[in-house]
Amino acid sequence: MSDRTPRNRAPQRRPDEVRQIAYRVIRQVNGEDGYANLTLNKALRDQRLGGRDAAFCTELVHGTLRWQGTYDAFLARSVSRPLADLDPELLDLLRLGAHQLLRMRVDSYAAVNEMVTLTRAEVGQSRSGLVNAVLRKISQRTLDQWIATVAPPAEEDNVGYLAIAKAHPRWVIEAFAEALATRTPDAAAVAEHADSVEWSVEDLLDADNDPPKVTLVARPGLSDVDELIEAGASRARWSPYAAVLQGGGDPGRIQAVATGRAGVQDEGSQLVATALATAPLEGSDAKWLDLCAGPGGKSALLAALANQGDAVLTAVEPQKHRAELVRSNLRAIPGEHQVLVGDGTKPTWPAGWYDRVLADVPCSGLGALRRRPEARWRRTPEDVLELRPLQEALLASAITSVRPGGVVAYVTCSPHPGETREVVDAVLARRPDAVLEDARALFPGVPELGEGPDVQLWPHVHGTDAMYLALIRRS
């Protein structure tokens with residue numbers, strides 16, 4: 001026996017396995033710029049977690065990351081030194097503990113005890129005293145009491161209050177409020193859905209904090225919604241190809257998904273791809289282009305839809321590893337569809353070569369904060385400004401690539417005005433050969449689409465990611 005271990009000391013407890021897995025995923029996300037969904041899914045597979053353990057681990061990871069900024073405000077009142085002086089490993093342990101104490105049905109004593117044990121295992125005995133003391137302070141107030149203590153009064157600084165109470169950075173709330181102010185419901189929607197029209201920024205923030213359900217897509221010609229329903233899903237609201245997997249679980253257990261005849265795809269993503277595929281078109285309709293294809297969810301749906309009319313899809317992606325993801329998504333789709341590794345701003349094909357073009361441009365991803373909880377703390381206003389030239393260049397390239405009379409769908413997963421209407425207006429001001437058309441008719445049955453001509457979907461209104469689409473026709 002080591003002389004460092006007294007004979008009368010009880011063996012140290014082993015940390016709870018699920019909490020340890022969750023903590024290590026959080027460290028990969030915060031310490032190595034990992035993506036929560038990818039890192040967590042890999043950990044669940046590698047550790048063979050399922051059922052209640054998988055659900056508990058998912059809530060630990062996503063909840064901690066989603067509410068991280070709010071917890072930091074509470075922790076700053078509970079630690080005697082600036083949070084910036086804490087080791088990142090220690091700060092993530094405190095965040096994980098705060099989430100269990102404030103937003104999960106975990107007994108306070110158990111939560112603190114388990115986090116102290118985890119601290120000993122991960123960063124050493126010397127840090128466990130601080131974790132114990134800080135988390136006990138956190139446990140002395142409820143979430144609402146902490147918000148009332150830390151947040152400014154809403155009547156004096158509503159954005160500051162919402163930043164704490166709804167766990168969003170101030171700049172994101174301000175951008176959302178600006179976007180909502182320009183997207184008032186149309187008169188018909190107000191008359192028909194007076195009780196359901198929700199356009200307040202508070203509702204949008206709440207929707208961002210509500211974990212999304214797993215939405216599946218039945219790729220036409222290969223599968224249908226009825227098959228997904230038989231496998232345990234239920235019909236979704238808007239897309240004719242969408243089904244919702246009830247109760248979560250691994251979508252890979254569904255045969256249609258495992259074989260690539262169906263996939264996982266947000267309903268808003270399905271709607272914008274379907275809108276491009278169904279836009280009226282005179283003349284040739286044989287060549288379609290996905291200009292920024294990775295990881296390939298929209299490409300797969302477009303390829304399946306293209307097959308319905310004997311068209312062929314070309315998917316372009318500049319990064320080789322993402323191009324491989326596109327190929328994987330297309331593996332079950334028959335036809336002469338191809339994936340090219342290349343820069344969409346520097347086309348290698350003739351001008352006017354394609355009939356339909358999707359420009360699903362790189363963006364901040366602020367429209368998918370429900371499923372990417374870390375993005376709200378990782379993105380900055382500078383990211384939006386830095387992406388703007390690329391977005392404009394890709395849209396201009398898409399317009400050049402489509403034939404006269406053909407259509408372009410400019411798509412982002414963001415409601416930020418600097419990534420949506422402002423980009424479209426800037427490019428069209430330089431392109432007299434292109435016109436913006438009303439896209440609302442391409443979303444049949446979907447209410448509350450605003451005044452047009454472009455379309456912005458909302459998590460709190462439509463239950464989808466905040467997808468944006470502008471339909472442009474080459475004149």
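Residues that are among the β-branched types (Val, Ile, Thr): find the helices (runs of 4 or more DSSP H) completely inside segment 218-280 holding 2 or more of those.
225-230, 267-278
Please work out which residue is farthest from Glu437 (Cα to Cα), limiting yourself to segment 455-475 and to residues that are part of a strand (DSSP E or B) and open to solvent by 10 Å² or more (accessible area, probe 1.4 Å). Spell out how you get there, then give the answer.
Here is the first cut: in segment 455-475, the ones part of a strand (DSSP E or B) are 455-456, 468-474.
If we keep only those that are open to solvent by 10 Å² or more (accessible area, probe 1.4 Å) too, we end up with 473-474.
Numbers: Arg473: 7, Arg474: 10 Å.
Result: Arg474.
Which ones in segment 393-426 are of a type outside the set (Gly, Ala, Ser), more than 19 Å from Tyr354 (Cα to Cα) and open to solvent by less than 10 Å² (accessible area, probe 1.4 Å)?
Thr412, Pro415, Glu419, Thr420, Val423, Val424
Can you go through Arg183, Arg141 and tell me which one is surrounded by 14 or more Cβ atoms within 10 Å (Cβ to Cβ), modelled with pLDDT of 95 or more, basic (Lys, Arg) and not in a helix (DSSP H, G or I)?
Arg141
Take Val79 and tell me if it is in contact with a helix residue (DSSP H, G or I) (Cβ under 9 Å, 6 or more places away or on another chain), within 17 Å of Arg376 (Cβ to Cβ), buried (at least 16 other Cβ atoms within 10 Å of the Cβ) and β-branched (Val, Ile, Thr).
So Val79 does not fit the description; no.
Quick one: how many residues across segment 89-126 are open to solvent by 10 Å² or more (accessible area, probe 1.4 Å), touching a residue at least 40 places away in the same chain (Cβ under 8 Å) and in a helix (DSSP H, G or I)?
8
One residue is enough: does segment 443-452 have a residue meeting the conditions closer than 23 Å to Ala175 by Cα, within 17 Å of the chain's Cα centre (by Cα) and not β-branched (Val, Ile, Thr)?
Taking every residue of segment 443-452 in turn, none turns out to be closer than 23 Å to Ala175 by Cα, within 17 Å of the chain's Cα centre (by Cα) and not β-branched (Val, Ile, Thr).
If Leu38 passes every condition in (1) at pLDDT below 95; (2) assigned to a helix (DSSP H, G or I); (3) under 30 Å from Pro152 (Cα atoms) but one, which one does it miss?
The one condition Leu38 does not meet is (3).
Tell me, yes or no, whether segment 261-273 has at least one residue that is at pLDDT 95 or above, out of contact with any strand residue (DSSP E or B) (no Cβ under 6 Å at 6 or more places or on another chain) and hydroxyl-bearing (Ser, Thr, Tyr).
Yes, there is a match, as at least one residue in segment 261-273 is at pLDDT 95 or above, out of contact with any strand residue (DSSP E or B) (no Cβ under 6 Å at 6 or more places or on another chain) and hydroxyl-bearing (Ser, Thr, Tyr).
Looking at the structure I just gave you, is Asp343 without any contact (Cβ under 8 Å) to a residue 24 or more places away in the chain and among the charged types (D, E, K, R)?
No; evaluated as a whole, the condition is false for this residue.
Please specify each residue of segment 47-74 satisfying the condition of being aliphatic (A, V, I, L, M) and in a helix (DSSP H, G or I).
If we filter segment 47-74 for residues that are aliphatic (A, V, I, L, M), which is where we start, we get 49, 54-55, 60-61, 65, 73.
Correct list: Ala54, Ala55, Leu60, Val61, Leu65, Ala73.
For Glu386, work out the one condition from (1) surrounded by fewer than 21 Cβ atoms within 10 Å (Cβ to Cβ); (2) among the acidic types (Asp, Glu); (3) closer than 18 Å to Leu302 by Cβ it doesn't fulfil.
Exception for Glu386: condition (3).
Among the residues of segment 28-53, write down those that are free of Cβ contacts under 8 Å to residues at least 12 places away in the same chain and open to solvent by 20 Å² or more (accessible area, probe 1.4 Å). Break it down into steps so the answer makes sense when it comes.
Narrowing segment 28-53 to residues free of Cβ contacts under 8 Å to residues at least 12 places away in the same chain: 28, 32, 34, 38, 41-42, 45-46, 48, 51-52.
If the condition is that a residue be free of Cβ contacts under 8 Å to residues at least 12 places away in the same chain and open to solvent by 20 Å² or more (accessible area, probe 1.4 Å), then Gln28, Glu32, Leu38, Asn41, Lys42, Arg45, Asp46, Arg48, Gly51, Arg52 are the ones that fit.
Go through (1) closer than 28 Å to Asp206 by Cα; (2) not in a helix (DSSP H, G or I); (3) not charged (D, E, K, R) for Ser80 and report which single condition fails.
The number of the failed condition is (1).
Inspect segment 344-356 for any residue being open to solvent by 20 Å² or more (accessible area, probe 1.4 Å), under 22 Å from Tyr468 (Cα atoms) and assigned to a helix (DSSP H, G or I) and give the result as yes or no.
No, there is no match, as no residue in segment 344-356 is open to solvent by 20 Å² or more (accessible area, probe 1.4 Å), under 22 Å from Tyr468 (Cα atoms) and assigned to a helix (DSSP H, G or I).
Just one of (1) crowded, with 16+ Cβ neighbours inside 10 Å; (2) at pLDDT 95 or above; (3) over 21 Å from Arg356 (Cα atoms) trips up Arg235, so point out which.
Among (1) crowded, with 16+ Cβ neighbours inside 10 Å; (2) at pLDDT 95 or above; (3) over 21 Å from Arg356 (Cα atoms), Arg235 violates only (1).
Give segment 389-428 a look and list any residue that's within 22 Å of the chain's Cα centre (by Cα) and among the polar types (S, T, N, Q), or say none.
Gln391, Thr412, Ser414, Thr420
Filter segment 424-445 for residues that are of a type in the set (A, V, I, L, M, F, W, C), part of a helix (DSSP H, G or I) and within 21 Å of His462 (Cβ to Cβ) and give the result. Give the steps one after another, and end with the answer.
If we filter segment 424-445 for residues that are of a type in the set (A, V, I, L, M, F, W, C), which is where we start, we get 424, 426-429, 434-436, 439, 441-443.
Remaining after also requiring part of a helix (DSSP H, G or I): 424, 426-429, 441-442.
Those that are of a type in the set (A, V, I, L, M, F, W, C), part of a helix (DSSP H, G or I) and within 21 Å of His462 (Cβ to Cβ): Val424, Ala441, Leu442.
Here is a list of conditions, (1) in contact with a Leu (Cβ under 8 Å, 6 or more places away or on another chain); (2) surrounded by 19 or more Cβ atoms within 10 Å (Cβ to Cβ); (3) in contact (Cβ under 8 Å) with a residue 24 or more places away in the chain, and Leu65 meets all of them except one; can you say which number that is?
The failed condition is (1).
Pick from Ala332, Ala323, Ala306, Ala359: which is touching a residue at least 40 places away in the same chain (Cβ under 8 Å), surrounded by 17 or more Cβ atoms within 10 Å (Cβ to Cβ) and not in a strand (DSSP E or B)?
That would be Ala332, the only listed residue that is touching a residue at least 40 places away in the same chain (Cβ under 8 Å), surrounded by 17 or more Cβ atoms within 10 Å (Cβ to Cβ) and not in a strand (DSSP E or B).
The values are calculated or read from the model by the stated rules, or taken from the named source; none is laboratory data. Given the structure is predicted, the values throughout are model-derived calculations rather than measurements. Virtual Cβ from ideal backbone geometry, glycine too; neighbours counted across all protein chains shown. Side chains are part of the model used for accessible areas, which takes the heavy atoms of the whole protein and leaves out ligands, DNA and RNA. Shrake-Rupley method; radii C 1.70, N 1.55, O 1.52, S 1.80 Å.
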